[in-house]
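What follows draws every value from the coordinates through simple rules; no lab data is involved. Bear in mind the structure is a predicted one, so any value in this text is a computation, not a measurement. Cβ placement follows ideal geometry from the backbone for every residue including glycine, while neighbour counts extend to all protein chains displayed.
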Amino acid sequence: MFRDRGDIELHLSEHSGDARPGTLMYFWIDDVDRIAGVFGETTEEQPWGREVRLTDPEGNRLRLATGN
């Protein structure tokens, strides 16, 4: 799967051997609260900023954060 927004592209793969189940990807973004709202999730305060934790249907974990 390919997703893009502006100059940023994210390529996700379902091919066997590309990543272990439960892989974690961490992204720093400008507005974590807006993205959390899109998925009906809430953000958590961490020492480094606010983050939201998401898991896709395959069990891969996504963490999105906005720094303090």
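State which residue pairs qualify: first residue over 22 Å from residue 12 (Cβ atoms) and inside the stretch 31-57, second residue loosely packed, with under 11 Cβ neighbours inside 10 Å in any location, beta carbons under 6 Å apart, and separation of 6 or more residues or different chains.
Cβ pairs passing all conditions: 49/68.
So if I check each of 48, 28, which one is in contact with a Gly (Cβ under 7 Å, 6 or more places away or on another chain), closer than 18 Å to residue 67 by Cβ, of a type outside the set (Gly, Ala, Ser) and surrounded by 12 or more Cβ atoms within 10 Å (Cβ to Cβ)?
28
(1) of a type outside the set (A, V, I, L, M, F, W, C); (2) out of contact with any Ser or Thr (no Cβ under 7 Å at 6 or more places or on another chain); (3) assigned to a loop (DSSP other than H, G, I, E, B): which one isn't true of residue 34, the others all being true?
(3)
Only one of 22, 40 is touching a Lys or Arg at 6+ places or on another chain (Cβ under 7 Å), not hydrophobic (A, V, I, L, M, F, W, C) and not in a strand (DSSP E or B). Can you tell me which?
None of the others qualify; the one that does is 22.
If I filter the stretch 56-68 down to residues being part of a loop (DSSP other than H, G, I, E, B) and of a type outside the set (S, T, N, Q), which single residue comes out as surrounded by the fewest Cβ atoms within 10 Å (Cβ to Cβ)?
The extreme case among them is 57.
Look through the stretch 1-25, keep the residues that are polar (S, T, N, Q) and over 13 Å from the mean Cα position of the chain (by Cα), and return whichever of them is nearest to residue 68 (Cα to Cα).
Out of the qualifying residues, it is 13.
I'd like the full set of residues that are in contact with a Phe, Trp or Tyr (Cβ under 9 Å, 6 or more places away or on another chain) and either among the polar types (S, T, N, Q) or surrounded by 13 or more Cβ atoms within 10 Å (Cβ to Cβ) (or both), limited to the stretch 1-25.
Within the stretch 1-25, just 12 meets the criteria.
Inspect all residues belonging to the stretch 43-55 and state whether any of them is in contact with a Phe, Trp or Tyr (Cβ under 8 Å, 6 or more places away or on another chain) and not in a loop (DSSP other than H, G, I, E, B).
yes
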